[in-house]
Structures are given as C-alpha cells and as structure tokens.
1. Conditions first: (1) open to solvent by 20 Å² or more (accessible area, probe 1.4 Å); (2) among the aliphatic types (A, V, I, L, M); (3) in contact (Cβ under 8 Å) with a residue 60 or more places away in the chain. A:L261 passes all but one, so which condition is the exception?
2. Would you call B:R145 closer than 30 Å to B:D175 by Cα and either away from chain A (no Cβ under 14 Å) or crowded, with 16+ Cβ neighbours inside 10 Å (or both)?
3. Test of understanding: among A:A148, A:A94, A:A114, A:A123, which residue is in a helix (DSSP H, G or I) and at pLDDT below 95?
4. Identify the single condition in (1) among the acidic types (D, E); (2) open to solvent by less than 30 Å² (accessible area, probe 1.4 Å); (3) within 30 Å of A:T296 (Cβ to Cβ) that B:E160 does not satisfy, given that it satisfies every other one.
5. Please specify each residue of region A:212-250 satisfying the condition of being more than 7 Å from chain B (Cβ to nearest Cβ) and in contact with a Pro (Cβ under 9 Å, 6 or more places away or on another chain).
6. Can you work out which of the residues in region B:116-159 that are in contact with a Lys or Arg (Cβ under 6 Å, 6 or more places away or on another chain) and among the basic types (K, R) is modelled with the lowest pLDDT?
7. Tell me, please, whether a residue that is within 29 Å of B:D35 (Cβ to Cβ), part of a strand (DSSP E or B) and without any contact (Cβ under 8 Å) to a residue 40 or more places away in the chain can be found in region A:243-253.
8. Could you tell me whether A:D187 is touching a His at 6+ places or on another chain (Cβ under 6 Å), open to solvent by 10 Å² or more (accessible area, probe 1.4 Å) and among the acidic types (D, E)?
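The values are calculated or read from the model by the stated rules, or taken from the named source; none is laboratory data. Remember, predicted model here, so these are calculated numbers, not experimental data. Every residue, glycine as well, gets a Cβ built from its backbone with ideal geometry; the counts of neighbours run over all protein chains shown. Areas reflect the complete protein model, heavy atoms only, side chains present, ligands, DNA and RNA absent. Shrake-Rupley method; radii C 1.70, N 1.55, O 1.52, S 1.80 Å.
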Amino acid sequence: MTEPHSLFRIVGSRTQRIAAVLERAQVGPSPRPMVVIAPAFEHTIRNSFVIARYLLGQGFDVLRYDACNHVGLSDGSIEDFTLTSALDDLLDVARFCRVELQPANLSLVATSLAGRVAIRAAAKLPGEFSCVGSIACVVDVRETVKQACGIDRVGDWSEGRATDPNFADKVVRHPVKYAFSKVAVEDRWDSLETTLRDLQEARDTPLFDVQGEDDPWVSTTDLLELAKRTPNLEVLVLRRAVHELNAATSSLALRHLARFLVRRAQQRDIELDAIGEPRWDDLVVVNKRERSWERTPLDAWVIREAKGNR
Amino acid sequence: MLQPECQELVHAGRRDRPSYGAALNNVEYADVLGDLDALIFQGNDGYALDSTSLRELRTRLVRQSFAWHYGQCEPYRAYCSRAGVGPDDVRTYDDLVRIPLLPTSIFKKKGVSSVAAAEIAKVCVSSGTQGGQSRIFRDKVSLERLLGGVRQGVNLLDDEVDRDRHVFVLGPDTDQAADLWFSYVLSIVDFLHPTTFYVERDVFRPEQLLGDLLALDREVQPLLVGPPFLVAELAGHAISQGSRLRLAERDALVITAGGWKRFQATALSREEIDACLIEGLGVAPGQVRDAFNMVELNTVLFECSSKKKHVPPWLFASAREPVSLAPRSGGEEGLLAFCDPAARSYPCFILTDDVGAVSDEHRCDCGRWGHTLEITRRVARVEARGCALKMDRTLAVHAGTEGGS
C-alpha cells in the first residue's frame with residue numbers, strides 16, 4: 001500500500017525553490033500530527049522513504065524535502081552548501097507546514113548532519129516542535145567533517161590555513177566550497193560546545209537520537225557527554241552499528257524512533273512490537289516511484305507552490 | 001562566554017575516547033547486529049581476515065544457520081535425521097562438509113521453508129522452461145541480505161566505494177520481471193543506484209541504451225548488467241552503428257550474469273565478448289566481469305579486478321565428488337555445493353548442477369584473501385536451465401527469431 005502524496009514547490013526565504021513531498025497517513029483523526037524529515041548530507045527525498053513508512057503507519061503525516069544548494073531537485077548546487085542554508089530550508093519548510101498544512105502539531109526527524117541542523121531549529125524556535133528525533137546526529141561538526149573527508153576542513157578555516165571561501169574540494173562524493181567551513185565557524189556550528197549551547201536553548205523540546213556505537217564519524221563518547229548534560233535528550237546506542245542505518249539495524253532503530261514520536265507528539269504509549277514494519281513489496285514500489293521523481297525536473301513537478309518565508 | 005559545563009566539556013579530553021562511565025538513565029543500549037549482518041551490511045572486511053579468523057568466522061556463521069534451519073524447518077530436520085547429522089555434529093570447519101545438502105531439484109518438487117507463511121515476502125522462481133521450476137521462499141531478511149551482498153559485490157568490482165553510479169540493466173523492470181529470479185534481482189538493483197531498464201514487453205532496446213549512455217553525466221560511472229547474449233547483442237549493435245562510445249574514459253563496468261544457455265553452442269568466449277565490447281563501446285579490457293548466482297543461492301558472487309569470483313566470507317563453497325559427495329581438494333573439479341547463512345527463510349545448504357572448482361585459500365592478485373570459485377559447466381539435465389535462458393527464449397519468441405542468434 002502506498003499512501004496518497006502531494007508534490008510541492010516551496011519558495012524559501014532566499015527565494016530558492018524547495019522540492020517537497022507530503023504523504024498523508026491513512027490512520028488517525030484529522031488534523032494529524034506531522035513530521036518533517038530533513039535530508040542528510042548528500043541525501044535526497046528518496047533516501048528517507050523507509051523512515052517515512054514507519055511514521056505514516058503510526059498516524060503521522062510526513063513531509064520530506066530536498067535541501068537547496070545540495071543534491072536533489074531543489075535549487076542551487078551542492079558546492080554552495082552550508083549548514084546555515086540548510087537551517088533556512090528547514091525553517092522555511094516548517095513554516096510552510098504550519099501555515100499551509102495546519103497539522104495538529106509538528107515534529108522533526110533528521111539524520112546525520114541534518115540532525116545538527118534540527119537541534120539548532122529547536123533552539124531557535126522553542127516550543128515550535130513537539131519533539132525532534134534524529135539518527136546518527138552530528139554533534140561535533142569539525143570532527144565529523146574531518147573523519148568523513150580525511151581533512152580538517154573546518155579547522156583549516158578557523159585556524160587560518162584556508163582563506164578562500166570559493167575554493168571547492170570533495171567532502172564525501174561532491175565538491176563543496178570552503179564557504180561551508182567559514183559559515184560553520186562564523187555561525188557557531190563547528191564544535192561540541194556549540195552543540196551543547198543549542199541543546200541548552202532547546203531544553204524544553206524532547207529530543208531523541210539513535211547512535212551507532214562504532215560510528216567512525218560521530219563519537220559515542222561525545223554524544224554521551226552531551227546526554228549527561230541534557231536531560232531532555234534520550235539516546236539509543238546500537239551496539240556495533242556504524243554511521244548509516246542498514247537493513248539489519250533499521251528495524252529496531254526506526255521502531256524506537258517511531259515510538260518516541262508517538263509518545264511525545266501524540267501523547268500515547270505504544271510497545272515496540274506494536275509498531276508495524278513496511279512490507280517488502282511496498283518498499284520496492286515506493287522506491288521505484290521515488291526514483292522516477294528524481295528523474296523529473298522540478299519545473300515539471302509542481303503541484304502546488306507556496307511561500308515558506310518565515 | 002562558555003557556560004561552566006561547556007568548559008568542562010572542552011577539557012574533558014574527549015578525543016581520548018574514554019569509557020562511557022556510569023550508566024545514564026536517558027541512555028539505552030541495544031544489541032541488534034550479529035556477525036553475519038555486520039559482514040554483509042557494514043562492510044566489515046572479511047577478505048582482510050587471516051586464515052584462522054576467516055575459518056572461525058565462517059564456521060560460526062554456517063553452524064548458527066544450520067542450527068536455525070534444523071530447528072525451524074521440519075522437512076529439513078527429517079532429512080538431516082535420515083542422514084544422521086544434527087547441529088551437535090557440526091563443530092569445526094572440517095565438519096561443515098557434513099551438513100546435509102539439498103539437491104537443487106528438491107526445490108522443484110517441494111516447498112521448503114523455515115519461516116511462517118506470513119513472513120514470506122517473495123516466492124522466487126527459476127525459469128522452468130525445460131523442466132521443473134524451483135520455488136524459493138524468501139523473507140524480507142533474506143532479500144535484504146541478498147541486496148547487501150550485491151552492494152558488497154560492487155565493492156569487489158570497483159575499489160572506489162563512494163561513487164555516483166548509474167546502472168543500465170539489460171533486462172526488464174520489476175513489474176515485468178515478475179517472479180523470475182535473475183530478472184527480479186536485476187530489477188531491484190535500483191535500491192542501490194539509479195537504474196534504467198532496457199527490456200520492455202520482452203523487447204531489448206539497445207538503441208535507447210546507447211543513447212542514454214551518451215547522455216549520462218560524465219561524472220557518473222556507468223554499470224551495464226545483463227546476460228551475455230544481450231551484452232553481445234548490445235556490442236554488436238554498437239559496432240554496426242559505428243558507435244564512438246569510449247566508456248573506458250568513464251571507468252565503465254560491464255557485468256555479465258546468467259550464462260549463454262540456448263546459445264551455448266555458438267557462445268562467444270569471454271575474450272570474444274571483451275573484444276566486442278572494446279570495439280563497440282570502448283570498454284577497458286579489465287572492466288568486463290562475470291557474476292554467478294542461482295535462484296536457490298542467496299548470495300551473488302562477483303569477479304574482482306583479476307577476474308576471479310571471490311567466495312564471500314560468510315559463504316561456504318565446496319566442490320564435491322559427484323557420487324560420494326566427498327569434498328574435492330582445492331582447485332579440483334566437482335559438483336558445486338554451497339552453505340549460505342544469508343538465507344534465513346529456507347535452508348540454503350545446496351548441491352547444485354554446476355561443475356566447478358573452489359580454490360584453496362590464497363592471496364588473489366587483487367589483494368584479497370580467501371577462496372575463489374571457477375564455474376566449468378552445468379550438468380546436462382533437462383531441468384537444469386537458468387533464468388537467462390527464459391529471458392533469451394522470451395525475447396527470441398517476441399522478436400520472431402526463435403532458434404537463431
């Protein structure tokens with residue numbers, strides 16, 4: 001079974017167009033609670049379709065989008081990606097949801113680097129989000145970028161070894177300008193302590209993170225140091241797991257994530273075993289549908305255009 | 001100005017990766033990942049293990065799998081009982097050859113499953129064009145492990161893991177592949193990479209494929225996958241059209257799978273296929289690789305840069321003497337047998353119709369350690385035909401060329 005979906009083009013605060021997909025749950029009274037899923041670095045709408053299936057099954061409407069200045073259909077090139085532009089996108093999308101779609105409430109889900117962005121969003125707009133769930137949330141941007149690309153790109157900027165913000169170099173698979181590092185430093189995204197600062201600002205928002213114990217890009221020790229100081233942050237550590245969820249880890253991780261969201265955004269308790277798994281055939285169908293979206297230019301994609309400006 | 005706890009954090013020496021310390025009531029731990037899934041999904045490098053570690057790991061995985069199926073699959077347990085072998089009899093690496101093997105013909109006669117019917121996600125079938133049709137009951141876990149193994153196999157094909165790729169499948173998409181195993185596997189590769197399919201309503205469209213190759217973003221690596229007769233047809237079409245494709249510049253890979261089947265008598269040798277692909281598509285000679293799979297097996301074996309089919313660390317492969325089923329020595333020909341713990345929903349302890357050899361453990365020229373597999377030929381039984389044949393026949397009938405090449 002595939003849920004009804006709508007394709008949107010949201011014009012953000014920087015006038016760039018954001019491609020978004022809304023899927024409506026087939027259970028629960030309307031208006032339903034809604035979850036916005038922010039894309040991980042180098043990921044698109046399609047990459048989070050499995051997460052969405054777990055949430056739709058629990059009565060959440062789910063909106064996913066492609067970030068601007070990134071891979072995917074939204075405007076801009078990934079060369080110009082910065083965490084601040086990712087935050088702008090997330091806040092634009094959240095505003096669009098609140099104003100245009102009027103859900104019962106709004107929560108965020110994000111993976112990896114987008115998790116760091118979601119924490120900043122919760123810090124910036126206290127009370128706006130019922131809760132924030134993340135997977136492999138990056139808590140020390142400088143360290144994660146260093147581990148992921150083998151170069152201390154953020155440190156190079158903060159310590160003056162790199163000075164040209166327009167110089168682009170490969171991060172994981174794509175070249176990204178050093179403006180990423182400049183903005184990370186200037187807008188205080190770069191360190192564990194800036195994350196803690198944001199967590200303190202978001203102290204009234206329930207937070208949850210799934211962490212792979214053997215994640216080479218995000219230190220479990222770092223995360224637990226933050227958890228020690230952040231009582232509103234719940235953490236699930238998956239033994240032996242790494243940064244990306246896979247078929248063996250995703251079922252448990254996503255059921256925990258769904259349970260957290262149900263408890264916090266729907267105020268109801270649910271056992272893990274009661275959270276249904278997506279069927280294989282449905283995953284095949286949805287994956288093919290979303291691959292076809294990736295091949296369709298944004299201009300041909302619009303169903304409804306709306307302002308997302310804050 | 002940092003808050004006091006932030007300052008404490010900065011000076012906590014976190015890069016020393018200290019132990020986690022006292023339990024926190026907002027932190028929960030979960031054990032979710034066994035050795036098998038860590039190998040398949042997390043890319044733990046089994047080819048880097050030394051001989052002792054590899055044998056220990058493989059023994060543990062196959063034993064666990066044997067115990068699972070012995071406990072869950074009543075017909076298999078009865079079969080084992082008749083053979084007088086149970087989980088307690090399989091303890092060491094040398095004991096693995098004692099695991100009772102199911103001839104693949106069993107799957108043509110009988111449904112064999114280790115899980116409840118509700119857990120079956122896909123009933124996968126062989127072609128059955130020349131005889132019975134194997135029916136393999138796969139659950140989601142088995143299908144996901146199959147895909148995870150394919151993803152790892154791509155790493156065997158190409159050492160550069162994080163790369164944008166586009167897969168060109170010389171086969172149909174899922175809706176037209178139906179349950180036919182080889183076509184189905186190819187059709188779900190789009191979980192891993194963007195994929196386009198070039199058999200539509202049983203018609204192969206080489207012209208469209210060549211056009212799409214030309215239009216592909218230069219940064220993206222093309223991966224062409226299909227049965228050898230269609231790969232040869234594509235190359236022939238490109239030559240006849242005077243194609244100027246230079247896919248070597250794009251580091252393109254061509255992966256053949258499924259064999260020649262009906263065209264065995266007129267099959268091109270690998271060298272001849274390579275020559276066609278070099279001439280027609282400008283593929284680099286080392287970039288044409290073969291893969292081995294069959295509907296009853298839950299792992300695909302890929303060739304490395306030295307064109308050797310590596311046996312993944314979880315899979316136990318052996319060649320057997322055809323009558324006694326005694327294991328052959330390394331490199332000696334025999335009937336190929338597999339114990340594949342990647343299959344959860346059916347006992348994948350199988351004796352195949354394929355003749356081949358399994359090498360002793362050795363360091364391959366590609367740098368990997370372990371066994372490699374060589375397929376020699378298939379035993380000539382009427383029912384022993386693969387899915388490539390079905391695809392071949394379907395295409396031939398549609399094109400009105402049945403019986404010709």
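1. The number of the failed condition is (1).
2. Values: closer than 30 Å to B:D175 by Cα: yes; either away from chain A (no Cβ under 14 Å) or crowded, with 16+ Cβ neighbours inside 10 Å (or both): yes.
Taking the combined requirement at face value, the residue satisfies it.
3. Values: A:A94 fails: at pLDDT below 95; A:A114 fails: at pLDDT below 95; A:A123 fails: at pLDDT below 95.
Residue meeting the stated conditions: A:A148.
4. (2)
5. A:N232, A:H243
6. Filtering first and then ranking leaves B:K122.
7. Looking only at region A:243-253, we keep the residues that are within 29 Å of B:D35 (Cβ to Cβ), and these are A:243-253.
Filter once more, so that each one left must be part of a strand (DSSP E or B): none.
Checked region A:243-253: no residue is within 29 Å of B:D35 (Cβ to Cβ), part of a strand (DSSP E or B) and without any contact (Cβ under 8 Å) to a residue 40 or more places away in the chain.
8. Working: touching a His at 6+ places or on another chain (Cβ under 6 Å): no; open to solvent by 10 Å² or more (accessible area, probe 1.4 Å): yes; among the acidic types (D, E): yes.
The answer is no for A:D187.
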